[in-house]
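What follows is one structure encoded as structure tokens, with my remarks underneath.
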Amino acid sequence: MAMTQIVRDILAKYEGETPGVKGNLARILMQGRLGGTGKLIILPVDQGFEHGPARSFAPNPPAYDPHYHYQLAIDAGLSAYAAPLGPLEAGADTFAGQIPTILKVNSANSLMSGTAGKDQAITATVDDALRLGCAAIGFTIYPGSDMALGMFEEIAEMRREAASVGIATVIWSYPRGEAISKDGETAIDIGAYATHIAAMLGAHIIKVKLSTDHLELGAAKAVYEDEGIDISTQAARVADCVKSAFNGRRIIIFSGGAKKGGDSVLDDARAIRDGGGNGSIIGRNCFQRPRDEAMRLLDQMVDIYLGND
Amino acid sequence: MAMTQIVRDILAKYEGETPGVKGNLARILMQGRLGGTGKLIILPVDQGFEHGPARSFAPNPPAYDPHYHYQLAIDAGLSAYAAPLGPLEAGADTFAGQIPTILKVNSANSLMSGTAGKDQAITATVDDALRLGCAAIGFTIYPGSDMALGMFEEIAEMRREAASVGIATVIWSYPRGEAISKDGETAIDIGAYATHIAAMLGAHIIKVKLSTDHLELGAAKAVYEDEGIDISTQAARVADCVKSAFNGRRIIIFSGGAKKGGDSVLDDARAIRDGGGNGSIIGRNCFQRPRDEAMRLLDQMVDIYLGND
Amino acid sequence: MAMTQIVRDILAKYEGETPGVKGNLARILMQGRLGGTGKLIILPVDQGFEHGPARSFAPNPPAYDPHYHYQLAIDAGLSAYAAPLGPLEAGADTFAGQIPTILKVNSANSLMSGTAGKDQAITATVDDALRLGCAAIGFTIYPGSDMALGMFEEIAEMRREAASVGIATVIWSYPRGEAISKDGETAIDIGAYATHIAAMLGAHIIKVKLSTDHLELGAAKAVYEDEGIDISTQAARVADCVKSAFNGRRIIIFSGGAKKGGDSVLDDARAIRDGGGNGSIIGRNCFQRPRDEAMRLLDQMVDIYLGND
Amino acid sequence: MAMTQIVRDILAKYEGETPGVKGNLARILMQGRLGGTGKLIILPVDQGFEHGPARSFAPNPPAYDPHYHYQLAIDAGLSAYAAPLGPLEAGADTFAGQIPTILKVNSANSLMSGTAGKDQAITATVDDALRLGCAAIGFTIYPGSDMALGMFEEIAEMRREAASVGIATVIWSYPRGEAISKDGETAIDIGAYATHIAAMLGAHIIKVKLSTDHLELGAAKAVYEDEGIDISTQAARVADCVKSAFNGRRIIIFSGGAKKGGDSVLDDARAIRDGGGNGSIIGRNCFQRPRDEAMRLLDQMVDIYLGND
Amino acid sequence: MAMTQIVRDILAKYEGETPGVKGNLARILMQGRLGGTGKLIILPVDQGFEHGPARSFAPNPPAYDPHYHYQLAIDAGLSAYAAPLGPLEAGADTFAGQIPTILKVNSANSLMSGTAGKDQAITATVDDALRLGCAAIGFTIYPGSDMALGMFEEIAEMRREAASVGIATVIWSYPRGEAISKDGETAIDIGAYATHIAAMLGAHIIKVKLSTDHLELGAAKAVYEDEGIDISTQAARVADCVKSAFNGRRIIIFSGGAKKGGDSVLDDARAIRDGGGNGSIIGRNCFQRPRDEAMRLLDQMVDIYLGND
């Protein structure tokens, strides 16, 4: 398929970026059923690391096999598949060239106590991404954690190295830590701030959580109210994040969190679309369902992003 | 425009410095409406990182777009535009060669708790500055913070690397931290000390805040009083900082802080001029106003530095 | 002996891995009395470092000599011999080429207090492994320790370096530390999680302890019960770990711990075999017995893995 | 001037040292009015960094200008001028080749709290020393501080690098920190120990403070008393330090501290001379006086070291 | 002198070691009056760093001069002379080639508080050892200290580098720290463990203190008692350490500690000899005596190791 104008327009916003990075962004944007539309759906599978294998895969046991996820992403016509080193390697030959992959280069786990749990370990490198033919690296930052400055420095360094060899960077910007309340983790002012930090750090694709209408920080709350920023609907809050991504100059996708009803997942997708977001990153809501059911849900999501629903 | 004698004289004080650094200082000093006068006004936009996007840009929504700031600095005839990696990249092609840029290579944010908040993350490098065609790097130090020694070591190392490839260094010297009271952050003895530390570290351009007549440290207070140093006016305090910048051998500019009335901004500029300072660095007072209003204010500031007001 | 189909099938699961690593995995899988069966028994001797020489070797004094262990592993027809730098070097010439060796590159000891005891020191490198002709490096991680992220980063880096020069990686995944109770260290949910983390980090061979039917983490307990995962027998628990090793795509072996009765050791081996595990790693139960007795026990274990018992 | 025998004898004690280092020691020892005598006076100006500009320079305002100090050292016929990066650079062209310079490569400041204040930041490198044509680097260690081991490692590394390119090393050995009382900082047992540590670390020139007859450590006190070591006069205490500098095999100079009466400064110089020390390093007592007065004082010090007073 | 069979046999136990390391071990083993016997006596002089100059040298003032120690070791026909960088350099030319030297590459001092005192600073490198023509590097580890893992990693790295350029490694294994009682520092179970750790880390020569019959750790005490290990005499305890040094495959020497009566020193030597140890490392008992007395004592020690006493 020839490159569409909408994709050309998106790529043009990455000024001064290497042709290699633009080429890999194009691979993702031209892949699958949403290829060429400027919208994208990514399948991420790092939950085994983060929550353990039973909590992640026991509800749908075929998902214990890394090949399952590659195949699901391919068959559903998704835009990319993201995972840590181990599972990406486990299908590296079999699925080479069939779908763009994103190497998740840092990982957390549920066996950490206290402050140690507000950080992630770097478990793969840009060289691994090159060796495995990945289109991008993925990195989680925790704005609000006391470890955040270190995480910013890590991804700033890896992004630079990745871009210099033509690999794009996806930043998972997940606020948490000493400076933020539990409600604050999904507050809209925090979500927009997390988006902006990822953009500041040079992310090519920004991944944040959908926000609530809670406002966490007093100084920000005052501005939201004084300036009358609309945060009453999910779509409006998506739009606030898009604006915070350099006024839409950076691709931004949203995640939905733990498994929930299919209707809720589809409502999220509509809000992302209506707010001007670029798409969804959907893990547990996908691989914790039986394959047929997951395929149907993904099919409906694609339709939404195509504007058919 | 041919180099003026006043600029030649300033450059001559940078003894032993590489021609590359002198060339980039000249690019800044010869740029815009103050070009050739030895005075300069810089537009810095890192507040989105430091305070979040809503607090920074919602009062003037076009400022969400990084292109807005490039264009404002160019249209107002300013000397340089300073920003972190993300927004500089976002206009790197469009505005290449139109205005000298300063890559802010470390950044703080408002989502940090306790000691973690007394430091900044290094988010860009000298290689990034070279790649993006920047004239200088910008780096914040926090004299008074328990992290200060580490920050001094970081900028000493980056300055050396930058100078060796012809990039100039601007140090934002902002006292804060465990050793200093809130009032002390803007005390004149602390401000002059912060200036001197930046000069000691080899800064080519020193950026400090305007000071009050408060004296923070007992030992310094005694000397100020014994020697009868005049700190009664803003201009006198500027002069004390200029003296602390190797008796005026280093360019020193002053920032004004949060948004305030235009008259107040202009009074600051007059004091900087009268005290022998080299100019202003003005962010929120510039981009948080509607563009027309900001243009008028900058125009008046230029007039002041030209001696017309 | 020509490579067997069962070994070819195992190697085929290491997709995208270097021929050097596959060759070294083959050396181990084709070695000794279990060569070609896909099963393996490894002799590890790092207890002198971990518990001191008297506790390790006084019960069977010839074991003070590093040559004793090389010879025992060779004579018993085991698959590989694993030890730290010192003892491997002490027989490096005499036994060169007679049995694959695994260089244990990090080590703990019993002379540590508090948090310092939840980590290990890196005491050898990939270059040492190459110089000594080793087939693999061995590395211990402590999931659950506050030092775990650092350990993950260390082995991720060493694994990458090792694989690039054709050396395989064995990860000893031993849960312990601030986040886990004493019972939790051998809980099945934790054991399966420890297995999965090792696989995520790219281990070629995973070594974990046999588990009890205790469930440590509330969220995991709920899933085990909701999904009705069988953990009632040792073989069932081995199978749960095998599943967590990428559904059997990675070699997984089990250790038995402190010295105990021979029948108990053999029961363990049967459970490992019946649950689909690849074999045993047996240290103290081997070298703390008189040589003749150890030889008989190992002979019976081989018979079990050959399916003769 | 041809090299004198006394200087040849001193250099011969630096066994195995590179010709570059010996050459730079010779530059210092042959410089100025004491050139060739084996005695030396050094002007150090890092007090602006350590105490701030007003406390350092307001008593004699021309001293705000870095050129002032270069010129003073040259006009007074001193042996060398020592300063941090910033002020050395500020006169690097103007005074090139007129006096040996010592680049102070680490610096403390008065804006630190608690433990953070027991360390210094490395603010320049050996490469800077080469670029600026310096004869030596200067480095402060704080024996007695909890940061001391790190400081020892830093200077051990920098000394090695410096010597390999022919740059000499001066160690400022200033006891302070958690392990030492305020009186202990100038106790003779501590002063001799500080001297010995600097020698152990490979210092070419050792700079310590003059000591009192206080004995700080019980075990040392017993030895001083049992062996009847004379510490009753300043000259005797200087001799004890000289002995601790490898029995006089290393150049050792002494500093006098805060500004005091001229007679006191001269008495110090006589004691240093009579105890066998190599000379003085004099800062505040020099540049905080009016220039004429400082010139007279330095003139008298030279006379003392020449044996004329 | 041609290499003796006993030295050939010792060297043969260093399997796979570089010819350079074997050559340097041979230099030490063939040096002086014990040359060729497999026994050795080493003079170590790092006490000035560890205890200060007065406590170390005032009892015998000629010892302030580094040349004194070189000459003493040579005249007494010892096997090697060990010291930190400073004093080794101070005689590097004069004594080049006259006696093998061991560069002590890390050092402690008596001016440290708390945890900071449980570590040492690295003050020299393998490159220094090469430049100074040393036969070996010496490194102290503190098993039992919370800093021990870091120290193990440091020497593992330095040993590897040293061996790759033909320099041997001597490990001073001195238990101390948070995990060990004062009595435990010289307990036999701890002494044997310390020996074993040094061997595990790849030491070519192991230096430990002579032990008492105290047993520190409960688990070890049980084994010593159950297995009936003889620890009733100094010779028996030496033998237990020799066994822990890979059953005698590594050279092990013993130190005696603070100055004591000559008879006691000689009794120690007899116990070392009778227990199968390779010799003594003797510092304070040597250089704190008048030279004549020290020469007589060393003469008697040589006789003991030659079996004549």
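For this structure, a couple of remarks:
- Euclidean distance of C-alpha centroids, the stretch D:228-261 and the stretch A:166-236, integer Å: 63
- The charge dipole of chain B, taken about its Cα centre with unit charges on the Cβ atoms of Lys, Arg (+1), Asp and Glu (-1) only, comes to about 560 debye.
- With label points defined 7 Å past Cα in the direction of Cβ, position residue C:296 shows copy-to-copy spacings of 6.4, 6.4, 10.3, 10.3 nm, given to one decimal and shortest first.
- Sorted shortest first, the separations between the residue C:6 label point and its copies elsewhere in the assembly read 5.5, 5.5, 8.9, 8.9 nm; each point sits 7 Å from Cα along the Cα-to-Cβ line.
- Accessible area buried between chains C and A, both sides summed, probe 1.4 Å, in Å² to nearest 100: 3300
- Number of partner chain Cβ atoms within 10 Å, mean per residue of D:141-147: 3
- Taking the inverse of the mean reciprocal distance over all distinct Cα pairs, the Kirkwood hydrodynamic radius of the stretch B:5-305 comes to 19.1 Å.
- Judged by the mean number of other Cβ atoms found within 10 Å, the most tightly packed of the peptides B:92-100, A:244-252 leads the ranking A:244-252, B:92-100.
- In the protein assembly as shown, taking the dipole from charged Cβ atoms about the Cα centre, the farthest positive-side position among C:20, D:235, A:45 is held by C:20.
- Per-residue SASA remark: residue C:196, around 10 Å² accessible (1.4 Å probe; ligands, DNA and RNA not included).
- Rg then Dmax, both in Å and based on the Cα atoms of the stretch E:51-172: 15.1, 41.
- Shielding by partners, peptide A:78-91 (average Cβ within 10 angstrom, other chains): 4
- For the stretch A:178-276: rounded, prolate or oblate by the Cα gyration tensor [a/c cutoff 1.5]: rounded
- Reduced Cα scattering model of the stretch E:3-110, Debye log10 I(q)/I(0), q = 0.15, 0.18, 0.20, 0.21 Å⁻¹: -0.69, -0.91, -1.04, -1.10
- Of all DSSP beta bridges confined to the protein assembly as shown, the antiparallel ones make up roughly 5%.
- Kirkwood radius and radius of gyration were both taken over the C-alpha atoms of the protein assembly as shown, and their ratio Rg/Rh is 0.99.
- Scanning chain E for DSSP H helices at least 20 Å long along the axis (C-alpha atoms) with a Kyte-Doolittle mean no lower than -1.0 picks out E:148-164, E:291-305.
- For the stretch D:227-282: rounded, prolate or oblate by the Cα gyration tensor [a/c cutoff 1.5]: oblate
- The stretch E:137-211: trypsin sites (Lys or Arg not before Pro) falling in loop per DSSP and having at most 13 other Cβ within 10 Å: E:182
- Relative contact order for chain D, counting Cα pairs under 8 Å that sit 6 or more residues apart, in percent: 17
- If both residues of a DSSP beta bridge must be in the stretch B:1-138, then about 20% of such bridges are antiparallel.
- Residue mean of other protein chain beta carbons inside 10 Å, D:209-222: 2
- Solvent exposure of the stretch E:5-305, expressed per residue, is 29 Å² of accessible area, with all protein chains present and a 1.4 angstrom probe.
- In the protein assembly as shown, the portion of solvent-accessible area held by carbon and sulfur atoms comes to 48 percent [1.4 Å probe, whole percent, DNA, RNA and ligands not counted].
- In loop segments of the stretch D:196-270 as defined by DSSP, there are no GluC sites (Glu not before Pro) with at most 10 further C-beta atoms inside 10 Å of their C-beta.
- Sites listed here are trypsin sites (Lys or Arg not before Pro) in the stretch E:20-63 whose DSSP assignment is loop and whose Cβ has at most 15 other Cβ atoms within 10 Å, and the list is empty.
- With its label point put 7 Å out from Cα toward Cβ, residue C:182 sits 3.2, 3.2, 5.1, 5.1 nm from the same residue's point in the other copies, in order from shortest.
The values are calculated or read from the model by the stated rules, or taken from the named source; none is laboratory data. This one's a predicted model, so the numbers in the text were calculated from it and none came from an experiment. Glycine gets a Cβ as well: all are built from the backbone with ideal geometry, and neighbour counts include every protein chain shown. SASA here: full protein model, heavy atoms, side chains in, ligands and nucleic acids out. Shrake-Rupley method; radii C 1.70, N 1.55, O 1.52, S 1.80 Å.
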